[in-house]
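Enquirer: Can you keep this structure in mind? I'll have questions shortly.
The values are calculated or read from the model by the stated rules, or taken from the named source; none is laboratory data. Bear in mind the structure is a predicted one, so any value in this text is a computation, not a measurement. Cβ placement follows ideal geometry from the backbone for every residue including glycine, while neighbour counts extend to all protein chains displayed.
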Amino acid sequence: MTVFKPLIVLVSVTALSACMGGGSDNPAAEYAADSARGAGLVTLTDGLDPTPAGAMPAQGWAEYDGIVGMAFGAAPESLAAADMIGELDLRADFARGTISGELDDFNTSDGREVYGALRLSGGQIAGSGFSANIDGRLTGPASAPGTVSGTIGGDFLGAGADALAGTGTATSTAGGLGVVFRGVRDRD
């Protein structure tokens, strides 16, 4: 019976995340809500092992919703320590071995909205891991990164690729960026 507890928790966090994501015109409140959501995702996914390569889905696809944090320099130690927090929307196509999506809706820790998105390209799934390029433009406050180009990579987590986590690095007009993210499979 304990086998089903992670799935129940995943469904609960996914439902909670739908209630907490975006929808506000207050960037400081959105940063705080996404930071709290990120803390919940970390708590949830820290106990999950990487999905065994032999247990990875071979057919179909899955969408993953989560939180991404970025900081100038190295990847932030945690989502809560990020200079900017945004939303992660990824789609894994297990039959083709690809991953796509975007990172968007960023807000800064000092309560400013960042406009634009980073889109994934060239995303590949190998075993229970994945990697992709990220590119885009993030504008707004003077501290916004501007043009961004880099890579992310991570692992699928749980018995059936129920979640994912990873890191990345990028260059931007304003300097180097570190990226950290967590997400759970969208069960809607």
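Enquirer: Return the only residue of ALA55, ALA74, ALA82 being over 24 Å from ALA170 (Cα atoms), in contact (Cβ under 8 Å) with a residue 12 or more places away in the chain and small (Gly, Ala, Ser). If you could, list the steps in order and put the result at the bottom.
Expert: Numbers: ALA74 fails: over 24 Å from ALA170 (Cα atoms); ALA82 fails: over 24 Å from ALA170 (Cα atoms).
Just one listed residue meets the conditions, ALA55.
Enquirer: Next up: Please work out which residue is surrounded by the most Cβ atoms within 10 Å (Cβ to Cβ), limiting yourself to region 42-83 and to residues that are under 27 Å from GLY97 (Cβ atoms), hydrophobic (A, V, I, L, M, F, W, C) and touching a Lys or Arg at 6+ places or on another chain (Cβ under 7 Å).
Expert: Among them, the one singled out is ILE67.
Enquirer: Continuing with this model, one more query. Out of the residues in region 151-169 that are without any contact (Cβ under 8 Å) to a residue 40 or more places away in the chain and either closer than 17 Å to ILE85 by Cα or among the hydrophobic types (A, V, I, L, M, F, W, C) (or both), state the one that is surrounded by the most Cβ atoms within 10 Å (Cβ to Cβ). Lay out the reasoning, then the answer.
Expert: Looking only at region 151-169, we keep the residues that are without any contact (Cβ under 8 Å) to a residue 40 or more places away in the chain, and these are 151-154, 166.
Filter once more, so that each one left must be either closer than 17 Å to ILE85 by Cα or among the hydrophobic types (A, V, I, L, M, F, W, C) (or both): 152, 166.
Details: ILE152: 25, GLY166: 22.
Taking the candidates together, the pick is ILE152.
Enquirer: Also, quick follow-up: Which residue pairs have Cβ atoms under 6 Å apart, sit 6 or more places apart or on different chains, and have a first residue in region 111-139 that is under 16 Å from ASP89 (Cβ atoms) and in a strand (DSSP E or B) and a second that is at pLDDT 95 or above and of a type in the set (Asp, Glu)?
Expert: ALA117/GLU102; ALA117/ASP104; ARG119/GLU102
Enquirer: Next up: Residues in region 70-88: is at least one under 25 Å from GLY54 (Cβ atoms) and assigned to a strand (DSSP E or B)? Before the answer, list the steps.
Expert: Step one: list which residues in region 70-88 are under 25 Å from GLY54 (Cβ atoms), which gives none.
Scanning region 70-88, I find no residue that is under 25 Å from GLY54 (Cβ atoms) and assigned to a strand (DSSP E or B), so the answer is no.
Enquirer: So, ALA81, is that one among the small types (Gly, Ala, Ser) and within 18 Å of ILE134 (Cα to Cα) or not?
Expert: No: the conditions fail for ALA81.
Enquirer: From the list SER128, SER121, which one is at pLDDT 95 or above, closer than 22 Å to SER149 by Cβ and of a type in the set (S, T, N, Q)?
Expert: Of the residues listed, the single one that is at pLDDT 95 or above, closer than 22 Å to SER149 by Cβ and of a type in the set (S, T, N, Q) is SER121.
Enquirer: A further question follows. Scan region 140-162 for residues that are in a loop (DSSP other than H, G, I, E, B) and either farther than 20 Å from LEU79 by Cα or touching a helix residue (DSSP H, G or I) at 6+ places or on another chain (Cβ under 8 Å) (or both) and report the count.
Expert: Looking only at region 140-162, we keep the residues that are in a loop (DSSP other than H, G, I, E, B), and these are 140-145, 158-162.
Keeping just the survivors that are either farther than 20 Å from LEU79 by Cα or touching a helix residue (DSSP H, G or I) at 6+ places or on another chain (Cβ under 8 Å) (or both) gives 140-142, 158-162.
Qualifying residue count, region 140-162: 8.
Enquirer: Here is a follow-up. Any idea how many residues of region 145-173 are modelled with pLDDT of 95 or more, over 19 Å from the mean Cα position of the chain (by Cα) and not polar (S, T, N, Q)?
Expert: Of the residues in region 145-173, 1 are modelled with pLDDT of 95 or more, over 19 Å from the mean Cα position of the chain (by Cα) and not polar (S, T, N, Q).
Enquirer: Sort through VAL114, VAL179, VAL184 and tell me the only one that's more than 25 Å from PRO50 (Cα to Cα) and modelled with pLDDT of 95 or more. Lay out the reasoning, then the answer.
Expert: Details: VAL179 fails: more than 25 Å from PRO50 (Cα to Cα); VAL184 fails: more than 25 Å from PRO50 (Cα to Cα).
Residue meeting the stated conditions: VAL114.
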